[in-house]
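*Asks:* My questions all concern the structure below.
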Amino acid sequence: MPVKFRKVMISDERYESAGVADVNNDGILDIVSGAYWYEGPDFRRFHRIGDVVAVGEYFDDFSTIFMDVNGDGWVDFITGGWWGNTIRWRENPKGAWNKAVPGTRPLRNFALPMILCNLALELEPLLEPGTVETLAAEVAREVLELFYRPEHGLIVENVLASGEFSDSFDGRLLNPGHAIEATWFIMDLAERLRRPEWRDKAVRILLRTLEYAWDQQYGGLFYFMDLHGHPPQQLEWDQKLWWVHLETLVALAKAWRLTGDAHCAAWFDRVHDYTWRHFPDPEFGEWFGYLNRRGEVLLTLKGGKWKGCFHVPRALYQVARTLAQDAAPAVP
């Protein structure tokens with residue numbers, strides 16, 4: 001009897017490679033492709049592995065090779081990137097608990113394209129010629145178009161895998177600090193690559209985010225918000241964090257230098273005043289990281305898993321260096 005095959009639609013993702021292995025050690029073969037793995041035998045349940053960089057119409061994920069790299073009895077994934085000339089090891093999480101319900105809508109997160117905007121320039125001396133130009137075009141498109149909601153003028157943290165808006169808690173989530181930090185990354189890219197349209201849009205997003213996220217009652221920037229004004233899921237949504245305000249000062253300093261926009265100067269003065277009145281510890285030095293909505297110190301902890309010696313010195317250095325450079329003519 002001849003062997004007959006049946007075509008089954010598993011996913012509409014378009015990654016470059018796929019492989020078959022027993023991912024969860026249940027004795028049944030599973031499928032791995034790009035950012036997801038699909039549980040056998042019917043492959044209907046899928047699990048997210050991690051982000052895969054998109055370069056133009058391709059994904060930098062040209063192989064799916066299985067190997068127990070660390071000898072723990074669980075198969076890991078090896079993938080190679082053509083554009084980045086990289087080999088990556090993705091360690092099997094060994095069934096680590098995930099609060100996402102299997103079958104939950106797959107979402108793309110803003111964090112990767114955001115940080116790549118900055119990382120591309122930081123690593124440029126080590127990269128092949130032309131790499132920054134290629135990568136910047138893709139990540140700038142994602143930041144300025146894919147995650148940008150033009151009807152609101154704001155950047156969301158998550159979109160559907162297709163790039164469309166998701167009217168859900170995750171899809172409406174705003175992280176003003178992330179969006180503002182991304183705007184100065186884009187400004188740096190725009191200056192390096194001579195893309196004034198990127199610069200101008202980044203400044204517009206910066207000012208719109210400040211208008212939306214500034215606490216009119218107590219001052220300072222909210223940590224999380226909802227695009228439609230609904231209550232966010234995050235319990236810490238109304239806290240005021242050190243890094244959010246520091247990255248805002250960097251973005252505003254760069255925006256003012258590049259455009260001379262008086263709105264940027266006025267916002268810089270407002271954020272600068274709030275930041276220096278609330279976060280530095282006048283008695284023992286260093287900065288507090290977490291304030292409640294009223295601007296009172298919520299945690300006296302000055303260092304830990306999330307607050308290290310990064311944002312404060314980087315931001316102070318960036319602001320000082322930026323303001324020491326020649327600025328664009330003032331624009332009212």
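The values are calculated or read from the model by the stated rules, or taken from the named source; none is laboratory data. This one's a predicted model, so the numbers in the text were calculated from it and none came from an experiment. Because the Cβ atoms are built from the backbone with ideal geometry, glycine has one as well, and the counts that use them run over all protein chains shown. The protein model used for the area step is the full one, side chains on, heavy atoms only, and it has no ligands, DNA or RNA in it. Shrake-Rupley method; radii C 1.70, N 1.55, O 1.52, S 1.80 Å.
*Asks:* Can you name the number of the only condition in (1) basic (Lys, Arg); (2) part of a loop (DSSP other than H, G, I, E, B); (3) open to solvent by 60 Å² or more (accessible area, probe 1.4 Å); (4) without any contact (Cβ under 8 Å) to a residue 24 or more places away in the chain that ARG277 fails?
*Replies:* Here ARG277 clears every test but (2).
*Asks:* Here's something else I'd like to know. Quick check on this structure: which one of VAL244, VAL271 is open to solvent by less than 10 Å² (accessible area, probe 1.4 Å) and out of contact with any Pro (no Cβ under 8 Å at 6 or more places or on another chain)?
*Replies:* VAL271
*Asks:* If you check GLY34 against the conditions, is it surrounded by 15 or more Cβ atoms within 10 Å (Cβ to Cβ) and either under 23 Å from LEU160 (Cα atoms) or modelled with pLDDT of 80 or more (or both)?
*Replies:* yes
*Asks:* To continue, here is another question. Taking ARG192 as meeting all but one of (1) farther than 24 Å from TRP242 by Cα; (2) buried (at least 16 other Cβ atoms within 10 Å of the Cβ); (3) touching a helix residue (DSSP H, G or I) at 6+ places or on another chain (Cβ under 8 Å), write down the number of the exception.
*Replies:* (2)
*Asks:* Related question: Would you check which residues across segment 74-112 are part of a loop (DSSP other than H, G, I, E, B), modelled with pLDDT of 80 or more and more than 25 Å from the chain's Cα centre (by Cα) and list them?
*Replies:* Residues satisfying the conditions are TRP74, VAL75.
*Asks:* Could you please let me know if ASN118 is modelled with pLDDT of 90 or more, surrounded by 16 or more Cβ atoms within 10 Å (Cβ to Cβ), among the polar types (S, T, N, Q) and in contact with a Phe, Trp or Tyr (Cβ under 6 Å, 6 or more places away or on another chain)?
*Replies:* Judged against the criteria, ASN118 is a match.
*Asks:* Okay, moving on. Only one of these is over 25 Å from the mean Cα position of the chain (by Cα), open to solvent by 70 Å² or more (accessible area, probe 1.4 Å), at pLDDT 85 or above and not charged (D, E, K, R): VAL20, VAL8. Name it.
*Replies:* VAL20
*Asks:* Could you grab me the full set of residues in segment 139-154 that are open to solvent by 20 Å² or more (accessible area, probe 1.4 Å), assigned to a loop (DSSP other than H, G, I, E, B) and in contact (Cβ under 8 Å) with a residue 24 or more places away in the chain?
*Replies:* The one that is open to solvent by 20 Å² or more (accessible area, probe 1.4 Å), assigned to a loop (DSSP other than H, G, I, E, B) and in contact (Cβ under 8 Å) with a residue 24 or more places away in the chain: HIS152.
*Asks:* Same structure, new question: Residues in segment 155-186 that are among the β-branched types (Val, Ile, Thr) and either without any contact (Cβ under 8 Å) to a residue 60 or more places away in the chain or open to solvent by 10 Å² or more (accessible area, probe 1.4 Å) (or both): how many?
*Replies:* The total comes to 2.
*Asks:* Moving to a separate point now. Of the residues TRP242, TRP256, TRP267, which is touching a strand residue (DSSP E or B) at 6+ places or on another chain (Cβ under 7 Å) and in contact (Cβ under 8 Å) with a residue 12 or more places away in the chain?
*Replies:* TRP242
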